[in-house]
Every structure is written in structure tokens, then in C-alpha cells.
Amino acid sequence: MADTPPARLSTDPDSPFYDAEALERGVGIRFKGVEKTNVEEYSVSEGWIRVAAGLARDRFGKPMTLKLKGEVEPYFRGPTPA
């Protein structure tokens, strides 16, 4: 695995951008210079994140999300695996 997080990542297993290895390692997100812990999905190249909108759910039982635009900086939280 590379030492940099993927350019786009989702926590939804049904998404084509889901990466279990990266999520297990722990990806942190800085959005507009502020640490975010509730990010559901992000895209560095397009400059947006999706965050949960409270406890609201869609008709499939997945969390409703808001798309926020700005500078996205992903990083790995944990140590580099051996």
C-alpha cells in the first residue's frame, strides 16, 4: 500500500471508492484546515467531503449526507504497516 491515502475514499461498502485496507489503517481528514471526524466520503481532486446530516436516514436506511466544498487534506493516522 502506498504511503499516501487514496484521492477518493468512501466508508460505504457498496461504493466503488470503498477501500477496506485504507480504512483499517485509519484515514484522517483536514477540511479547510480543521480536523473532521464525521466524514463519510471525500474527493481531493474535486475538493469536497460528504458528512452525515444528523441522524436522518434515506429510504434505504443509509445516513443522509451533506456535500461541503473546500480544501481536503487526507492523511494516515496510524503508523506505517510493516
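The values are calculated or read from the model by the stated rules, or taken from the named source; none is laboratory data. Predicted model, so just to flag it, every value in this text is computed and none were measured. Protein only, heavy atoms only, side chains kept; ligands, DNA and RNA dropped before computing areas. Shrake-Rupley method; radii C 1.70, N 1.55, O 1.52, S 1.80 Å.
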Heavy-atom accessible area with a 1.4 angstrom probe orders THR4, THR11, most exposed first, as THR4, THR11
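Using a 1.4 Å probe and counting only protein heavy atoms, arrange TYR18, TYR75, TYR42 so the residue with the most accessible area comes first. Don't skip to the answer; put the middle values down first.
Working: TYR18 90, TYR75 55, TYR42 5 Å².
These residues rank, largest area first, as TYR18, TYR75, TYR42.
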In deg cm²/dmol, rounded to the nearest 500, the helical mean residue ellipticity at 222 nm of the chain, built from -39500 (n - 2.57) for every DSSP H run of length 4 or more, is -1500 deg cm²/dmol
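In square nanometres and to one decimal, what's the mean projected area of the convex hull around the Cα atoms of the chain? Don't skip to the answer; put the middle values down first.
Values: hull surface 23.0 nm².
That works out to 5.7 nm², a quarter of the Cα hull's surface.
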Measure of exposure for LYS67: accessible area at 1.4 Å probe, Å² rounded to 10, is 100
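I'd like the antiparallel share, as a percent to the nearest 5, of DSSP beta bridges with both residues in the chain. Let's see the in-between values first.
On the way: 21 of 22 bridges.
Percent antiparallel among DSSP bridges in the chain is about 95.
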Compactness summary of segment 37-82: radius of gyration and Dmax from Cα atoms, Å, are 13.3, 42
